[in-house]
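Read-outs: derived from the displayed coordinates by stated rules, not from any lab. The model shown is predicted, which means the values in this text are computed figures rather than measured ones. FYI the Cβ positions are ideal-geometry reconstructions off the backbone, even for glycines, and counts take in every protein chain you see.
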């Protein structure tokens with residue numbers, strides 16, 4: 001599906017009331033907007049809504065649901081691959097969370113997903129991140145804290161990731177051998193199937209007598 005320049009401009013203009021032009025360019029480039037429009041089958045209104053949500057304040061409950069969904073998805077994919085643990089790589093250039101949210105996430109991860117973290121690398125943390133991070137470390141146990149590395153350049157990021165991820169599974173932009181051609185459509189379909197499988201496993205469709213879906 002093609003995404004015209006007019007569509008991209010429409011979405012971009014709809015977001016300008018939320019932030020400055022520089023911040024908007026950093027948060028959602030033309031390529032990012034194009035991916036969101038394609039993910040919503042050309043629906044500009046739906047794509048705009050998806051992009052606006054992370055840029056506007058949401059409740060702690062909404063954030064917690066978002067974290068749980070991503071943690072559950074990552075853990076399921078790790079279990080399906082037979083590895084059990086996950087590696088987290090996060091770009092913090094636009095980090096805007098406070099200590100309360102950070103502490104909430106740490107509590108959730110440590111108490112409900114123990115020993116799931118293999119390694120985490122946090123890239124490009126802004127200066128004010130250290131205020132929240134210094135305080136949040138009090139909530140981290142020593143073993144978990146030792147698994148987290150902060151880096152500031154792409155070279156440092158590659159150095160941190162390569163010992164933990166095989167080059168064949170690491171994108172070239174991060175120093176690996178995998179081509180930077182992420183299949184967004186394939187990923188979207190996989191997530192939809194995974195969500196449907198979870199619902200079936202929870203018994204949501206028992207009354208219809210449907211069989212379980214196998215995620216490929």
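Sorting 29, 123 by the number of Cβ atoms found within 10 Å of their own Cβ, with the fewest placed first, yields 29, 123. Divide the volume of the convex hull around the Cα atoms of the stretch 126-177 by the residue count and you get 85 Å³ per residue. Distance between the 7 Å Cα→Cβ label points at residue 199 and residue 166: 3.5 nm. P(r) for the stretch 60-165, please, calculated from all Cα pair distances in 10 Å bins and given in %. Using 10 Å bins, I get a P(r) of 13, 45, 38, 4 for the stretch 60-165. Ordering 188, 40 by the number of other Cβ atoms within 10 Å of each residue's own Cβ, fewest first, gives 188, 40.
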